[in-house]
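K.L.:
Please find one structure pasted underneath; my questions will follow.
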Amino acid sequence: MKKLLRIMVLTFAASALLFLGASVASAAEIVDQGNCGKNATWQLDTDGVLTISGTGDMTDWNSSNPPWLNEAQSITQVVINSGITHIGMSSFYKCINLESITIPDSVTSIRSNAFSNCDSLKKVYINDLESYLCIKRSNEAASPTYAGAALYEKGNLVKEPISSDCGAWS
């Protein structure tokens, strides 16, 4: 009986260690981070997720200097948290493996070429279609859907976007 109890305890302990080890091993680590606006920060993790946080505008970059440019090819997903109001010029330039982006309702403008060379972008996640349509865009490449990405509102595919005259290029 003691032997059976000892085997059960050891089995449980080994299972717990495997579970905890798997959980720790699967957590993404931060590869790089920094500022991308006066009150905006960015971080890139080992899963290829670029997260933009803070408040206000992202910086307008020329095509040669977004701070994550050296890591651009490893970025597969961008998550912009609520509070960011402006996606800067050429922000995701050369993110050729970018597959999805989440844009919060707080974003009111996207500058030129923000999504230039993002040919792998397939999914754009938003919360409110009308807010998304009212984002001011400075040119065609300022729209994340210009290369054919699908738009998802609250996780549901938007099959026929509603036109709106408040999202005109400026």
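K.L.:
Do we have residue 88 as crowded, with 16+ Cβ neighbours inside 10 Å, over 26 Å from residue 158 (Cα atoms), of a type in the set (Gly, Ala, Ser) and touching a residue at least 40 places away in the same chain (Cβ under 8 Å) here?
P.N.:
no
K.L.:
Further question on the same structure: Taking the stretch 55-110 only, how many residues are under 14 Å from residue 35 (Cα atoms), within 15 Å of the chain's Cα centre (by Cα) and small (Gly, Ala, Ser)?
P.N.:
Here the count works out to 2.
K.L.:
State the number of residues belonging to the stretch 127-158 that are among the hydrophobic types (A, V, I, L, M, F, W, C), out of contact with any Gly (no Cβ under 8 Å at 6 or more places or on another chain) and closer than 24 Å to residue 94 by Cβ.
P.N.:
Narrowing the stretch 127-158 to residues among the hydrophobic types (A, V, I, L, M, F, W, C): 129, 133-135, 141-142, 147, 149-151, 157-158.
Next, only the ones that are out of contact with any Gly (no Cβ under 8 Å at 6 or more places or on another chain) stay: 129, 141-142, 147, 149-151, 157-158.
Then drop every residue that is not closer than 24 Å to residue 94 by Cβ, which leaves 141-142, 147, 149-151.
Summing the residues that are among the hydrophobic types (A, V, I, L, M, F, W, C), out of contact with any Gly (no Cβ under 8 Å at 6 or more places or on another chain) and closer than 24 Å to residue 94 by Cβ in the stretch 127-158 gives 6.
K.L.:
Please identify the pairs in which a residue from the stretch 141-154 that is surrounded by fewer than 17 Cβ atoms within 10 Å (Cβ to Cβ) has its Cβ atom under 7 Å from the Cβ atom of a residue that is assigned to a helix (DSSP H, G or I) and not aliphatic (A, V, I, L, M), counting only partners at least 6 apart or on another chain.
P.N.:
Close Cβ pairs satisfying both conditions: 146/140.
Every read-out reported here was derived from the displayed coordinates using simple, explicitly stated rules and does not represent laboratory data. Just so it is clear, the model here is predicted, and its values are computed rather than measured. Positions of Cβ are generated from backbone atoms using ideal geometry, with glycine treated the same way; all protein chains shown enter the neighbour counts.
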